[in-house]
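Coordinate-derived values only; no laboratory data. The shown structure was predicted, so the numbers you read here are calculated from the model rather than taken from an experiment. Every residue, glycine as well, gets a Cβ built from its backbone with ideal geometry; the counts of neighbours run over all protein chains shown.
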Amino acid sequence: MPGDVIEIEKLVVRYRGKSALDGLHLRVPRGSVYAFLGDNGAGKTTTMKILTGQSPPDTGRATILGLDCWAKATQLRYRVGYMPERPRFYDWMSVSDIGWFAAAFHKPGFLERYREWAGKLGLDSAKRLKDLSKGGYARVGLALALAPDPEVLLLDEPTSGLDLLTRREFLTSLADLATNGRTVFITSHSIAELERACTHVGLIRDGQMILSAPLEEVRKKVRRFSLRFTDSPPDPTGLGTILERYGTGHYWQVLVKDPNPDAVAALRKRTDVSDFEDVSVSLEEVYAGLMAKSASENGSLPMVRRVGE
């Protein structure tokens with residue numbers, strides 16, 4: 001079914017007079033893998049708490065599958081899987097025990113699916129939770145989040161502590177889940193790896209969204225232009241929003257958001273310009289550029305980096 005599965009409107013949350021979320025707007029389409037990215041303290045975990053019904057917003061509204069996340073939290077628990085950044089279990093239980101215990105709160109089929117995921121994630125069913133490594137503990141959280149066979153999966157830093165191969169296998173499995181109609185909302189610091197799996201991206205800073213779009217659109221919105229010049233370096237005015245500028249000798253490049261096609265074409269045709277390149281950049285570069293731009297507008301960081309000009 002089409003439509004947005006997660007909807008957040010004008011969400012405001014304050015702690016001790018300071019805004020953790022400041023009028024947050026967000027839409028997550030059905031069947032997407034939505035990467036929710038931001039620095040520590042940006043508001044990601046607070047958003048997760050709202051979506052999982054752990055606390056209500058001060059103002060605004062958040063819904064999943066058309067149900068209010070706070071008023072209908074109990075109903076959503078049967079349709080939403082959640083893994084917190086730092087899961088906490090009864091550590092005296094074994095891997096098998098915690099699945100059996102959690103199954104009592106879920107519908108039939110939970111335990112079988114938990115055991116299946118525990119096996120896929122390489123967990124020893126007899127091992128006690130207190131004896132697991134950080135990565136093993138995280139794998140238990142993943143298995144429990146996936147066991148309800150959820151329509152929506154909320155994952156807060158789910159790959160923290162996992163080895164490289166396990167992280168990649170897990171992220172690949174997210175794409176498979178989305179293909180089957182499930183929706184995945186995930187926060188992670190592993191931006192480069194997350195780019196392999198996500199279909200949509202949201203960037204949050206100081207409780208506000210600074211970008212939310214499909215990944216393919218993001219790649220079109222942010223471009224890197226580079227060239228060599230013979231006389232003087234080009235003036236980037238009119239190219240678009242400059243996120244970063246770099247130059248050394250007769251080499252020049254800029255990172256641009258929402259490039260102006262006419263200005264780009266004019267730059268390409270200049271007689272004193274050679275080796276002109278127009279390339280897409282990685283999600284990590286987009287993230288760094290937009291965060292630096294947002295910070296510069298708030299007076300905390302320089303927007304433009306110039307070297308050797």
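Numbers at a glance
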quantity	calculated
Cα shape, region 115-274, gyration tensor, a/c 1.5 rule	prolate
Packing-based ranking, highest mean first, of 19-25, 210-216 given that Cβ atoms within 10 Å are counted	19-25, 210-216
Estimated vicinal HN-Hα couplings, Hz - region 184-191 in sequence order (Karplus 6.51, -1.76, 1.60; Gly, Pro = x)	10, 10, 9, 10, 6, 8, 8, 5
Under 23 Å from Lys120, Cα to Cα: lysines that are on another chain or at least 8 residues apart	Lys107, Lys130, Lys134
Separation between Cα centres of region 140-219 and region 4-69, rounded to whole Å	16 Å
Cα-Cα over 25 Å, subset of Lys49/Lys221; Lys269/Lys293; Lys10/Lys72	Lys49/Lys221; Lys269/Lys293
Cα-centre dipole for region 199-295 with unit charges at Cβ (Lys and Arg positive, Asp and Glu negative), debye to 20	80 debye
Residues Met93, Met48, sorted so that the one with the fewest Cβ neighbours within 10 Å comes first	Met93, Met48
Gyration tensor (alpha-carbon) shape descriptor, region 133-206, a/c threshold 1.5	rounded
Bridge type composition, region 92-219 - antiparallel percent by DSSP, nearest 5	60 percent
Neighbour-count order for Lys269, Lys10, Lys257, fewest beta carbons within 10 angstrom listed first	Lys269, Lys10, Lys257
Fraction of antiparallel bridges per DSSP, the chain only, in percent to nearest 5	75 percent
Region 97-169: C-alpha gyration tensor shape, a/c 1.5 cut-off, then a/b vs b/c	oblate
Pairs of Cα atoms farther than 16 Å apart, region 200-299, %	57 percent
